[in-house]
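The values are calculated or read from the model by the stated rules, or taken from the named source; none is laboratory data. If you're wondering where the values come from, they're calculated on a predicted model, not measured in any experiment. Ideal geometry is used to build each Cβ from the backbone, glycine not excepted, and the neighbour counts take in all protein chains shown. For the accessible areas, the whole protein counts, side chains as well, though only heavy atoms, and no ligand, DNA or RNA atoms are used. Shrake-Rupley method; radii C 1.70, N 1.55, O 1.52, S 1.80 Å.
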Amino acid sequence: QVQLVESGGGSVQAGGSLRLSCSASGYTGSIRYMGWFRQAPGKGREGVATIYTRGGNTYYADSVKGRFTISQDKAKNTVNLQLNSLSPEDTAMYYCAAKRDTGWLLSQKEYNYWGQGTQVTVSS
């Protein structure tokens, strides 16, 4: 019903920046929230940021507040994540996800659709 494709990952030095993009297709009218999650090897998937697609409201995990910015382009069905002031602890696979309903906004269990992920690696 909904397909998500991420892009923009790569390797950067600590303090650097990256911009991730997520393109949505299919029945995108069913999506209420678009979010970004990340998972480092051996660790659980962590909610990073999400955006309310109808109003543009944004929500962030405490660990990334002030450094990451989520935004959307409704005309292109695209959600972006700007990652600034990157640290090695930000190294992870970053996943785009979409949610049909309201609820716990940074809980991966409540998201219905997932992309394949894009790798972000930050060296010290």
Rg [Å, one decimal], Dmax [Å, integer] - the stretch 1-60, C-alpha atoms = 13.6, 38
Filtering trypsin sites (Lys or Arg not before Pro) in the stretch 38-67 by DSSP loop and by at most 12 other Cβ atoms within 10 Å leaves K43, R54, K65
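Please check the chain for the longest run free of chymotrypsin sites (Phe, Trp or Tyr not before Pro) that are loop-located per DSSP (anything but H, G, I, E, B) and have at most 16 other Cβ atoms within 10 Å. Intermediate values should be presented prior to the final figure.
Details: sites that count: Y27, W104.
After excluding every exposed loop site, the longest remaining stretch is 28-103.
Just the accessible area per residue of the chain, please: how many Å² with a 1.4 Å probe? Intermediate values should be presented prior to the final figure.
Details: 6250 Å² over 124 residues.
Here the residues of the chain average 50 Å² of exposed surface.
Length gain on complete extension for the stretch Q3 to T58, per 0.36 nm per residue less the alpha carbon to alpha carbon distance? If you can, show how the numbers build up before the last one.
Details: separation 55, 0.36 × 55 = 19.80 nm, distance 2.17 nm.
Contour length minus the Cα-Cα distance gives 17.6 nm.
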In the chain, what percent of the accessible surface is made up of carbon and sulfur (1.4 Å probe, ligands and nucleic acids excluded)?
-> 46 percent
nm² value of the averaged projected area, convex hull over the Cα atoms of the chain | 6.9 nm²
